[in-house]
C-alpha cells in the first residue's frame, strides 16, 4: 500500500494543491519557505502516531492567509491510498472503514482518509439560511465565530475531488456569491470514522526532521534517537541475563559507600549536625549511598555514543563531532528506528525525510538517496538540494513553486512519454536542476550568453538574476524544446524565456564572380546559417504558441554582433589588448570596432570571440563592463518576460544603484581631469570636462528630488521620469523598459 494522492485545501500556505506520489522513493522539491515543512506536518497529522492527538485541533494560524478571513472556511487534508494488500488484516480494516470499492469487486484496492477542520453543525446550519447574495448578513454572522466553534472530523470512503474549487464551493459554500448548501453532511466527503479505526496505529510511519541542531536532540531524553532505540531493546533483556549486571552494580555501590573518605565525610556530617542543633533535633542516621541504578531502563538511558571521525582513532562525544558527522549519525539512528518499527509488520510503511542535505556534502547526499530504499516502503524526501534533485526520478517528483503569490504544486513528468522523461532525467545535472527551484527560467544556447547575460544585468541594475529568482540555464545547443516542454499549464507553471540567435547575415552575402574562394565559402556559410536561423524561429514560434509560460527572444545576428550594435563598442575596444598580442593587429582591431559599418565592426567582434574562444572571450569582456553598458533589446525583453513586471521597490533599487554609480563615475572622471592638467594635456582635460558637465548638472538637479522622495507615498514612475530627464546624456534604454 502506498499514498497515491494528497490534497491540501486552505492549509497554511496552500490554498488548494494536489500532490501525486508513486511507490518507492518520491521527492518534494521547493525553495526555502515554499511549504515543504507544512506539507509534511499535514501528512503527520493524518498518519504519525507520535503526534499528540490534540494536534488535530487546528488553530487560526493553520488557515491559508490568502483566504483573507478564515471564518466559515474549512481546512481539508485528504489522502488517497492505492494498491491495498488483499490480506485479511488490510481488507478488514478498510472494508468497514475508509476503503473505496469499485464496481462489483469485494476487495478494497483504494482508500481515502481525510482530516476535515470545519465549523460545528449549528454554525453550518445558520450559514446555510443566509439569503443568497446578502454579504452584510454573512459578515455580521461570521464576525462572531471563534476557533472554538470548529470541530475536527476524520472521514473515509470519500468521493469528492477536493482539488476542484467548484467542488469546494458545492460542499462548503461560495463566500463571494453568498451561496451555501442546505445539506450539512454532504456524502461526498465520506463517512465519519469510528474512534476505534485509528490509521496511525495501523501503519509504520517515521518522520526524520530537517537536520539543523541534532546535538541538542541527543542531549534531550525525549528526542534522543539513541535512547529511543535502546528503550525498544531494554524490554527484551531477560531477567536472567540482567541479574549478573545487577549484582555487579550492587557490589560496586557497596564498595563506593565503604571507601574511607566517604565514611569520614558521612561521620563528619553527622557530628557537625549534632554539634549544631543537639541530640534532640539531629537525624537518627545519615548515610552516603551510590545512586548508580540497577534498573535496566535507567541504565540504558545512561549510555552515550562516542565516535571516531579522524584517523587518530580518538572517540569523541556527539558534541565534539562535526555538524555533518552528527547529522549523518542522527539520520542513521532514525533510519534504524524505522527498521525496528517496520519489523512489526504494519499494513504499510512510510518514511518521510525532511531536507537531509544540511551540513552533508554532495557525495553523501547522493549516496543516502541511492541507498535508502526498503521493500514495501514508500519514502518521501523534501529537499532544496540540487544534488538530490539531480538524482531524483522526475516521474516521482512534486515541485512546490510560487505562481502570482500563491503556492502551487507541479508534476514535471505529467503527460510526458517515457522517452521524453528519460531525456529530461539525463539532462538535469546538479547545475541545470536549479531550474526546478527557480521562480522563473531563462534558457540560452551558448557559453557567451551564460556568462555575460548575468553580468550585463548585474552591472546595469545592481541586482543579480539570482536575487530575482531567475535561473539561467545553458542548453549548449539549439534543442530548446526538449527542456522547454516542462513549462506549461500541465507541468511546471513558471515563466521560461528562450534566448537564441537568428544568425541573419550582417554583410553582403551575394556571391560575385570576382570573390575569392574563401570569401565565397564565407558567404555560403552565412546564407546557410541565416536559413537555419529562420527555420529555428518558425519551429520555436509554433512550439511556444498559445503557451503563456513560454516565450522565445531572438538576437538578429549573434550575441557578439548584437552586443556591438547596441552601442557597446567601447567595451570591446577596452579588451583588444587582452585578446591580441601583435601591436599591428591591436591597432587594426580598434579601427574596425570604431567603424560605423556593422559588416566591419561586427565581423571584428566575432573574430575576437572566435580567436580567444567564445567562453574565454565572454569572461574577458565581462571584466570590462560597467553600469553604462546597454543590454541588447532581446535580452532585456527576455528578462522582463521571465520576471514579470518590475515592482516599485525593485525599480527604486535600480534607480538608487544608477544614481550612485553616476556620482562615483563623476568623481573618478575628476581624477582624470586633474591628472591631465598635471600632465599638461589640455585637450584631454577639455574633453573630460565637457563630458562630465551634463552629469554634474544632472546630479545637482536630481539630488534634491532623491533626498525628499518617500517610497511609501511617492510615485516611482515620476521619479524615474525625472532621472531620465535630468541625465539626458545617459543610456536610459533599461529604465525605459522597466
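The values are calculated or read from the model by the stated rules, or taken from the named source; none is laboratory data. Because the structure is a prediction, the values reported are computed rather than measured. In this analysis, Cβ positions are derived from the backbone assuming ideal geometry, glycine residues included, and neighbour counts consider all displayed protein chains.
Here segment 31-56 is the region considered, the condition is being over 27 Å from residue 375 (Cα atoms) and buried (at least 21 other Cβ atoms within 10 Å of the Cβ), and the residue that is nearest to the chain's Cα centre (by Cα) is 34. The residue that is modelled with the lowest pLDDT, counting only those in segment 393-409 that are within 13 Å of the chain's Cα centre (by Cα) and over 16 Å from residue 355 (Cβ atoms), is 402. Among the numbered conditions (1) part of a loop (DSSP other than H, G, I, E, B); (2) in contact with a helix residue (DSSP H, G or I) (Cβ under 9 Å, 6 or more places away or on another chain), the only one that residue 456 does not meet is (1).
Okay, residues lined up against (1) in contact with a strand residue (DSSP E or B) (Cβ under 9 Å, 6 or more places away or on another chain); (2) modelled with pLDDT of 95 or more; (3) on the phi < 0 side of the Ramachandran plot:
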{"position": "613", "(1), (2), (3)": "no, no, no"}
{"position": "634", "(1), (2), (3)": "yes, yes, yes"}
{"position": "650", "(1), (2), (3)": "no, no, yes"}
{"position": "667", "(1), (2), (3)": "no, no, yes"}
{"position": "679", "(1), (2), (3)": "no, no, yes"}
{"position": "685", "(1), (2), (3)": "no, no, yes"}
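Only residues that are surrounded by fewer than 18 Cβ atoms within 10 Å (Cβ to Cβ) and assigned to a loop (DSSP other than H, G, I, E, B) were counted in segment 506-537, giving 10. Taking the numbered list (1) at pLDDT 65 or above; (2) more than 16 Å from the chain's Cα centre (by Cα); (3) under 22 Å from residue 31 (Cα atoms); (4) crowded, with 22+ Cβ neighbours inside 10 Å in turn, residue 366 passes all entries but (4). Would a scan of segment 423-433 turn up a residue that is buried (at least 22 other Cβ atoms within 10 Å of the Cβ), touching a strand residue (DSSP E or B) at 6+ places or on another chain (Cβ under 7 Å), closer than 18 Å to residue 385 by Cβ and without any contact (Cβ under 8 Å) to a residue 40 or more places away in the chain? Looking through segment 423-433, none of the residues is buried (at least 22 other Cβ atoms within 10 Å of the Cβ), touching a strand residue (DSSP E or B) at 6+ places or on another chain (Cβ under 7 Å), closer than 18 Å to residue 385 by Cβ and without any contact (Cβ under 8 Å) to a residue 40 or more places away in the chain.
Here's the yes/no breakdown for (1) assigned by TED's automatic domain parsing to the domain that holds residue 45; (2) at pLDDT 90 or above; (3) buried (at least 18 other Cβ atoms within 10 Å of the Cβ):
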residue	(1), (2), (3)
168	yes, yes, yes
178	yes, yes, yes
181	yes, yes, no
185	yes, no, no
192	yes, no, no
208	no, no, yes
227	no, no, yes
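Here is the figure for segment 628-672: residues that are assigned by TED's automatic domain parsing to the domain that holds residue 727 and more than 28 Å from residue 439 (Cβ to Cβ) total 11.
So, residue 78, is that one surrounded by fewer than 15 Cβ atoms within 10 Å (Cβ to Cβ) and either in contact with a strand residue (DSSP E or B) (Cβ under 7 Å, 6 or more places away or on another chain) or outside any strand (DSSP E or B) (or both) or not? No; evaluated as a whole, the condition is false for this residue. On the stretch given as segment 574-595, residues that are in contact with a helix residue (DSSP H, G or I) (Cβ under 6 Å, 6 or more places away or on another chain) and in a loop (DSSP other than H, G, I, E, B) total 3. Within segment 371-392, the set of residues being modelled with pLDDT under 80 and closer than 17 Å to residue 348 by Cβ comprises 373, 374, 375.
If you check 662, 635, 631 for being outside any helix (DSSP H, G or I) and either surrounded by 15 or more Cβ atoms within 10 Å (Cβ to Cβ) or without any contact (Cβ under 8 Å) to a residue 12 or more places away in the chain (or both), only one passes: 631.
Evaluate the following for residue 164: is it touching a strand residue (DSSP E or B) at 6+ places or on another chain (Cβ under 9 Å) and farther than 23 Å from residue 122 by Cα? Yes: the conditions hold for residue 164. Assessment of segment 146-161 against the conditions (farther than 25 Å from residue 188 by Cα, over 33 Å from the mean Cα position of the chain (by Cα) and surrounded by 13 or more Cβ atoms within 10 Å (Cβ to Cβ)) yields no matching residue.
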